[in-house]
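Take a look at this one; I'll ask things after.
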Amino acid sequence: MVNINDYIGKTAHFIGIGGSSMHGLAELLKSRGVIVKGSDRDESYMTKKLEGMGIPVIIGHYAQNVHGADVVIYTAAVSPDNVERMEAKRLGIPSMERCDLLGQLSNAYSKSVAVSGTHGKTTVTSMLAQIMMDANMDPNIHIGGMLDAIGGSVRTGKADLFVTEACEFNRSFLTLKPTVEIILNIDADHLDCYKDIDEIQDTFLEFTQKLPKDGLIIGCGDDERVMQVMKDSQRAFISYGFSENCDYTAVNAVIDDEACWSYDIIKNGKKLTHVKLSVPGKHNVLNSLSAFICCTYMGADIDSVVSSMANFKFPHRRFELTGIKDGVKLYHDYGHNPSEYKTVVSIAAQLKKQNRLYVVCQPHTYSRVKALLSDFGPSFEGADEVLVTDIYAAREKDPGDINSLMLIDKMQGFGYKTVYCPGFTECDKYLRESWKDGDIVLTVGCGNINLLNDILIKDK
């Protein structure tokens, strides 16, 4: 096993350095004195940010990119036949996967919080980051997104405390050994590396065994699978949710004109406090409740937590208003499975009033589309028109047996118009010819669909 501490002052090459977790890890290693460089398939906001920090990034994967590296870091999405991984192996350059690096970094702290779940990890980790900073807890933070409150995706603090996302893809969160785990939800996803939802649940249970015997799980009691995992874990746990059977319950939830919610927190039949959120979506009632429990458990004052949550703003690419063009509000969200689509589309539908909602979906990976094919249609309820682009392959190769036209065929008959727009040029043309003042456009996906928002905001 590579020990990253042996490479202080030496060169680490990141394959896929622009990834949601990779770019933050690159920053952390640079701050620790490692010489960092990397490559990625596409240019992005992340790669540009890293270049601005003095980290060289080459666009494209080439064997010579690893030359001069003392260690190579790669993600699970980078296959063994990647030319850079193959060259590193040929040259005998030590390599390690992203999750192993994150595990080494986080396990060096006596207190660590790992935020897990099929969706919502980045939002909750960001909430924890802002609350802990406002409460002067001075944490070390690793987020799979860009949060303005910390000036990016990572923060180095002086406290013996590390907060990170814990991703279930390829079981990568099993490298972590946290003292507190948050489990937000357990849904069917990443079925390219899990055979079914039961195996996903079993892996979350395995994740709980990474806790010490005196560790704590904070989990959503409204999710039956999360509740079962906590009961089976043989660890202490705290449940939260809308159900009165939970340890912490959100009651008297009220929505305002901007789709933001306020609610009371009840514990053991007693009202603890009132919370007013500035971010939309009822799911964020549950997200904020998990953050409240975690931060107060770790010593933050209740009033400080509530005040911080009232001022919390989403990280980028989480229901982000990216601009207004011709009176049309342009939003983007990183959601990439049907459950996440349903959540963000419902928010946009609440905001559209009497106008039209256009959703642009960039399906992510062939395996996900194929496995969840029948779930896409109901997920866009509330939209007036759904534009579907070609599938974003990401780590996969086209198997030839699934495509966006097949997906659109499955989506027909759900009460909204479905349009095939294979690329950004077609999307841009269609939307400009269709939208009117007061309409909303929401782009969804974790590929590069956010770049469409940049195209749409430009004058033609």
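The values are calculated or read from the model by the stated rules, or taken from the named source; none is laboratory data. No experiment lies behind these values; they were computed from the predicted model shown. Glycine gets a Cβ as well: all are built from the backbone with ideal geometry, and neighbour counts include every protein chain shown. Side chains included, ligands, DNA and RNA excluded: accessible areas come from the protein's heavy atoms. Shrake-Rupley method; radii C 1.70, N 1.55, O 1.52, S 1.80 Å.
Could you compute how much accessible surface MET146 exposes when probed at 1.4 Å, giving the result in Å² to the nearest 10?
Its accessible surface works out to 40 Å², give or take rounding.
Using the basic label-point model (7 angstrom from Cα toward the beta carbon), what is the ARG90 to TYR420 distance in nanometres?
4.0
Still on this structure, I have one more. For the stretch 137-262, what's the relative contact order in percent, using C-alpha pairs closer than 8 Å and at least 6 residues apart?
16
Follow-up. Quick one: work out the % antiparallel among DSSP beta bridges in the chain, nearest 5.
Antiparallel: roughly 25 percent of the beta bridges in the chain.
Here's something else I'd like to know. Take the alpha carbon atoms of the chain, find their radius of gyration, then divide it by 2.2 N^0.38 Å using N residues; give the quotient.
0.96
For the stretch 219-269, which GluC sites (Glu not before Pro) pass both filters: DSSP loop (anything but H, G, I, E, B) and at most 13 other C-beta atoms within 10 Å?
For GluC sites (Glu not before Pro) across the stretch 219-269 that sit outside H, G, I, E and B with at most 13 neighbouring Cβ atoms in 10 Å, the list reads GLU244, GLU258.
Could you pull out the trypsin sites (Lys or Arg not before Pro) across the stretch 60-159 that fall in loop regions by DSSP (anything but H, G, I, E, B) with no more than 15 other Cβ atoms inside 10 Å?
LYS158
Can you work out the accessible area per residue across the stretch 171-249, with the rest of the protein chains kept in place, probe 1.4 Å, in square angstrom?
I get 42 Å² per residue for this part.
Moving on to the next point. Which ³J(HN,Hα) values in Hz, rounded to whole numbers, follow from the phi angles of the stretch 123-139 under the Karplus curve 6.51 cos²θ - 1.76 cosθ + 1.60, where θ = phi - 60° and Gly and Pro get x?
Taking θ as phi minus 60°, the curve returns 4, 5, 4, 5, 4, 4, 4, 5, 4, 5, 5, 5, 8, 6, 8, 6, x Hz for the stretch 123-139.
Count the DSSP beta bridges whose two residues both fall in the stretch 163-268, then state the antiparallel fraction as a percent rounded to the nearest 5.
That works out to approximately 35 percent antiparallel.
Let me ask another. Just the accessible area per residue of the stretch 266-305, please: how many Å² with a 1.4 Å probe?
Accessible area per residue: 42 Å².
Report, in debye and to the nearest 20, how large the dipole of the chain comes out about its Cα centre when Lys and Arg carry +1 and Asp and Glu carry -1 on their Cβ.
760
Run the 1.4 Å probe and let me know the accessible area of CYS294, rounded to the nearest 10 Å².
Looks like 0 Å² after rounding.
Of all accessible surface on the chain at a 1.4 Å probe, what whole percent is carbon and sulfur?
About 49 percent, which is the carbon plus sulfur part of the accessible surface.
Something else about it: When only DSSP loop residues count, what chymotrypsin sites (Phe, Trp or Tyr not before Pro) in the stretch 354-436 have their Cβ near at most 16 other Cβ atoms within 10 Å?
For chymotrypsin sites (Phe, Trp or Tyr not before Pro) across the stretch 354-436 that sit outside H, G, I, E and B with at most 16 neighbouring Cβ atoms in 10 Å, the list reads PHE414.
List, in order, the whole-Hz ³J(HN,Hα) value for each residue of the stretch 237-246 obtained from phi through the Karplus relation with A = 6.51, B = -1.76, C = 1.60 and θ = phi - 60°; use x for Gly and Pro.
Couplings: 9, 10, 9, 9, x, 8, 6, 6, 7, 7 Hz.
If I take R0 = 60 Å and measure r between the Cβ atoms of ILE302 and GLN64 in this structure, what FRET efficiency does the formula 1/(1 + (r/R0)^6) give, to the nearest 0.05?
0.60
Next question, about the same structure. Kindly report, to the nearest 10 Å², the accessible surface of HIS61 as traced by a 1.4 Å probe over protein heavy atoms only.
Probe radius 1.4 Å; accessible area of HIS61 about 60 Å².
Another one. Find the lysine pairs in the stretch 183-310 meeting two conditions, Cα atoms under 30 Å apart and a separation of 8 or more places or different chains, and report how many there are.
16
Averaging sequence separations of C-alpha pairs under 8 Å and six or more residues apart, then dividing by the length of the chain, give the relative contact order as a whole percent.
Rounded, it is 10 percent for the chain.
Using only helices, what value at 222 nm comes out for the chain when you add -39,500 (n - 2.57) per DSSP H run of length 4 or more and divide by the total residues, to the nearest 500 deg cm²/dmol?
The helix-only estimate for the chain comes to -9000 deg cm²/dmol at 222 nm.
How far apart, in nm, are the 7 Å Cα→Cβ label points at SER278 and ASN252?
2.3
Label-point separation (nm) for ARG432 and ASP398, each offset 7 Å from Cα along Cα-to-Cβ?
Spacing of the two 7 Å Cα→Cβ label points: 2.7 nm.
Please compute, over every Cα-Cα pair in the stretch 50-198, the percentage with a separation greater than 18 angstrom.
Tail fraction, whole percent: 64.
Per residue, how much accessible surface does the stretch 318-445 expose to a 1.4 Å probe? Answer in Å², no decimals.
Result: 41 Å² per residue.
Sticking with this one: For the stretch 310-404, state the average projected area of the convex hull of the C-alpha atoms over all orientations, rounded to one decimal in nm².
Averaged projected hull area, Cα only: 7.4 nm².
Assign one of three labels to the stretch 9-103, namely rounded, prolate or oblate, based on the Cα gyration tensor with a ≥ b ≥ c the square roots of its eigenvalues; rounded applies when a/c is under 1.5, prolate when it is not and a/b is larger than b/c, and oblate otherwise.
Here the stretch 9-103 falls in the rounded category.
Leaving out same-chain residues fewer than 8 places away, which aspartates and glutamates sit with a Cα under 15 Å from that of LYS325?
ASP428, GLU433, ASP437, ASP439, ASP454, ASP459
Take every Cα pair under 8 Å in the stretch 256-348 that's 6+ residues apart, average their separations, divide by the length, and report that relative contact order as a whole percent.
Averaging sequence separation for qualifying contacts and normalising by length gives 22 percent for the stretch 256-348.
Enumerate lysine pairs in the stretch 1-147 that are 8 or more residues apart or on different chains, then count those whose Cα atoms are under 22 Å apart.
10
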